[in-house]
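One structure below.
Laboratory data are not the source of any read-out in this text; all were calculated from the coordinates shown. Nothing here was measured: the structure is a model prediction, and the numbers come from that model. Glycine gets a Cβ as well: all are built from the backbone with ideal geometry, and neighbour counts include every protein chain shown.
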Amino acid sequence: MEGQRVYGGVSGDQRREERRARLMAAGLVCFGRDGFAATTTRSIAAESGLTQRYFYESFSGIDDFFAQIVHELGDEWRAKITDAIAAAPPRLPDRLRAGVTAYLKVIHRKPYIARILLVEAFTVAPTVKQVERFLSAMGTVFQEMIAEEFPAKSKVVSDRDALATGYVGAVHHIALRWFRSQFSEPLEKIADVITKLIEGSISGYGAQRTSPPAR
């Protein structure tokens with residue numbers, strides 16, 4: 001079997017993984033530059049320097065390919081956000097700012113990724129479940145921060161599901177507007193706006209904080 005053959009010290013499985021990585025990198029460029037509708041297996045193969053035969057070695061078609069890209073990007077994005085929150089000081093404003101800043105840094109540093117995650121993934125049928133999965137995970141992050149910060153019987157905790165949904169939507173739409181403006185304002189300003197928006201909403205509940213959660 002090819003996966004068991006070794007050429008130049010590299011197995012068939014390793015070569016397949018390398019080809020897949022090249023195709024995925026090419027997909028980021030093509031989808032981010034041209035959009036899903038204008039991207040084809042031919043253009044991806046050309047961008048990667050591989051033939052279309054190798055595309056079908058790893059993917060069943062363009063829909064499957066795009067869904068896998070969105071899935072992997074979403075997982076990486078979520079990991080960066082949760083890691084930033086975990087490393088932040090225990091106060092809610094600090095944790096919020098850390099998470100929001102990590103969210104914004106991903107799209108600011110790599111505009112191709114911004115278009116894929118903020119625009120294309122929301123308009124392509126194969127990625128609807130991936131988008132919902134990511135948004136649900138982000139909502140859970142907000143819910144957990146609220147639950148850790150406020151007494152269990154407070155109104156802000158009882159309404160945390162609806163609040164988290166609203167916060168996720170607000171973050172997405174502010175980030176989308178920022179992306180479409182070609183990042184015309186500093187990242188720090190956008191992070192500050194989002195943090196104050198969420199903090200102001202929570203303060204509107206008159207919630208009394210508990211002591212900072214143990215870290």
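Matching the structure-derived Cα extents along the principal axes in Å against the labelled list (i) 64, 38, 28; (ii) 46, 40, 34; (iii) 68, 32, 27 gives the label (i). For VAL119, neighbours were defined as the other residues whose beta-carbon sits under 15 Å from its Cβ, and their charges (Lys and Arg +1, Asp and Glu -1) total +3. By other beta-carbon atoms within 10 Å, ranking ILE81, ILE174, ILE69 with the fewest at the front produces ILE174, ILE81, ILE69. Of the cross-linked pairs LYS110/LYS155; LYS110/LYS189; LYS105/LYS155, which ones have a Cα-Cα span greater than 30 Å in the structure shown? Over 30 Å apart, Cα to Cα: LYS110/LYS155; LYS105/LYS155. Reported value for the range 108-215: 122 Å³ per residue, from the convex hull of its C-alpha atoms. The slack between ASP63 and LYS155, meaning 0.36 nm per residue of separation minus the straight C-alpha distance, is 28.8 nm.
Volume per residue of the convex hull around the Cα atoms, evaluated for the range 43-129, comes out as 115 Å³. Straight Cα distances below 17 angstrom link LYS153 to the aspartates and glutamates GLU144, ASP161, with same-chain residues fewer than 8 positions distant left out. With K and R counted +1 and D and E -1, the other residues having a Cβ less than 9 Å from that of TYR54 yield a net charge of +4.
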